[in-house]
Amino acid sequence: MTASEFAIVTQQLTRDFASVRALDRLSIEVPVGSIYGFLGPNGAGKTTTLLLLLGLLRRSGGEARVLGFDPETEGTDIRTRSGALLDDTGLYDQLSAEDNLEFYARVWHLPLDHRRQRIHELLDQMGLWSRRRERIVKWSRGMRQKLAVARAMLHRPSLLFLDEPTAGLDVVASNTLRGHLAALVDAERITVFLTTHNMAEAEQLCHRVAVIRDGELLAVGSPVELREVSSHTVIRGHEWSTEAVQDVANLSGVLAASLDQSTDRLILELDPSADVSAVVRHLVLAGVAVEEVTRKTESLEEVFLNLVGEES
Amino acid sequence: MSRLRERVRDVRTVMWKERKGLLWSQGSRWRIVLPLLSPLFISIYIPWQAGIDWLEGYPSILICVAIPLLFVGISIPESFAGERERHTLSTLLASRLPDNAILLGKLLSCVGFALMLLLPGLLIGAAVVNGVAWQGSVLFYRPIVLLVDLGLALLVGLLMGSVGILISLRSATVQGATQALMGVFLVPPMVFGMVLMLFRDKVIPFLQGFGFAATLGTVFGVLVVGNVILLLLAFNRFRRSKLLAN
């Protein structure tokens, strides 16, 4: 495994809890400097993966390298170089926002001057500076999430683990937090491993995504690639014949062709290199009256639901 | 920075957080101060009754055992069960802090606070004795008495803390950890007391023959050995991968 171009590499990574397999032979590569979305429904194994990568759980099988280190034996090296926002904010309610950050700044041995400056900078960016002395016990979930993101980025980690950072937030708060996160990641050029079941978030933030269900990896690619794979071409017309459909199915670049007779539509799955005009010409010559050709690209949410639905 | 200095800094960081949490947690101040009113009462009433013997003999051992037992007993269940209950444990464990720094920081915070509370108790006792049995000059504890008092308080606090941490590591809630700790520290002395009552004809003459200094030395020895064993056990049980796997 090489660590230079990938911040995270796993091969056949597996974790069992008693008789339950929470993670089943996961093999992924997370490029350095990318935002990698790890998508899956509740209980898919996202948090387990994250804890394994941080060296907070022992694996049952397989291998993993995070920033070039083995989480099992070199977990401290990984945790020293990474930041994490786990399933809860992990903030201390009885402390003020400033003290919460101060504690973790001390944990990461930030020098006093730099500590003050960094806390100011992050609280300012998150719009929380004016409320820094308040105990956070009465803060809204959105404010706490923002503070937790600031805490995770405090020591300028080279790798950031975020476990559903916008879970439980309303649309406005989610969008604001995503904006802050994207700006911070862009400014500090770090690798982000993000688990979520929010497809809009994955589409907006992630360079690559992996879809997981019941511990098994279902698909990997950029959001555009995943949408492209699931896209299809629909040809509406009449005078269809079985032979014409069969001939089209055998054309180069056509991966699948199925005729929906109730709507007079031919649904084609095409290779990106396929020539749609050649398909249409072929159908016309075979006597089909072609009325409309449309290319339907699914949203990432539809792709996700299809993948998860197929498996279930 | 040397490894040792780095570790000391990590322990101090954990202690900083514990101190902040303890002092500023809503309601926690009263939760801790109220049970300590009785030892403080003892540190007034018994010196009043004992007079100079409070400073020259060993009755002050009473508060040196009571204050660490009560304070550590109240605060140590929070150490890990509290972090788990408030969902802050996983984030703390995902940080760069070494296992032993987290554990020692929590243990030393509780024991350190107990000793800090003990000192006013001892000073109040000395002031009361001087007030009720004024000898023309200010009297204070004999150095050996003070040494025994503080040594015993430290060992009792560490013992309570080590047991408390072992329990807290495995408990899901603070309440569960507190109940288990109270069970551990109440049941054995009760059983021991009952055995002592049953066999008092044989045990008391034996202890009297043993002598005070030898008894005290034995108690210190047992506490030191007990502390070493329990601390090693606590370090051994503190495993990140096990704490989150439950």
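Please treat every number below as a calculation from the coordinates, not as lab data. Note that the structure is a prediction, hence the values are computed from the model and not measured. Here the Cβ positions follow ideal geometry from the backbone for every residue, glycine too, while neighbour counts run over all protein chains shown.
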Measure nothing but the geometry: give the 0 to 90° angle between the long axis through the Cα atoms of A:141-153 and the longest principal axis through the Cα atoms of chain A, rounded to 10°.
80
Among all the lysines, which ones have a C-alpha under 23 Å from A:K138's C-alpha, if same-chain residues fewer than 8 places away are not counted?
A:K146, B:K17, B:K20
Footprinting exposure proxy for B:I76, B:I61, A:I235 (fewest neighbouring C-beta atoms within 10 Å first):
B:I61, A:I235, B:I76
Within 10 Å of each residue's Cβ, count the other Cβ atoms and sort A:H155, A:H232 from fewest upward.
A:H232, A:H155
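How high is the relative contact order of chain A, in percent, counting Cα pairs under 8 Å that sit 6 or more residues apart?
Once normalised by length, the contact order is 19 percent.
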Remind me, relative contact order of chain B in percent, using alpha carbon pairs under 8 angstrom and six or more residues apart?
28
Pairs of alpha-carbon atoms within less than 8 angstrom and 6+ residues apart define the contacts here; what relative contact order does segment A:1-104 have, in percent?
27
Segment A:81-97 - phi-based ³J(HN,Hα) in whole Hz, Karplus 6.51/-1.76/1.60, Gly and Pro as x
9, 10, x, 9, 10, 8, 4, 10, 5, x, 8, 8, 4, 7, 9, 6, 4
Taking segment A:127-224, which trypsin sites (Lys or Arg not before Pro) meet the DSSP loop condition and have no more than 10 other C-beta atoms within 10 Å?
A:R133, A:R189
Counting other beta carbons within 10 Å of each residue's own, what order do A:T10, A:T297 fall into, fewest first?
A:T297, A:T10
Semi-axes of the protein assembly as shown from the Cα gyration tensor (sqrt of 5 times each eigenvalue, largest first, whole Å) come to 67, 24, 19
Cut-off under 20 Å on the C-alpha distance; same-chain residues fewer than 8 positions from B:K106 excluded. Which aspartates and glutamates are left, in chain and number order?
A:D93, A:D99, A:E102, B:E6, B:D10, B:E18, B:E78, B:E83, B:E85
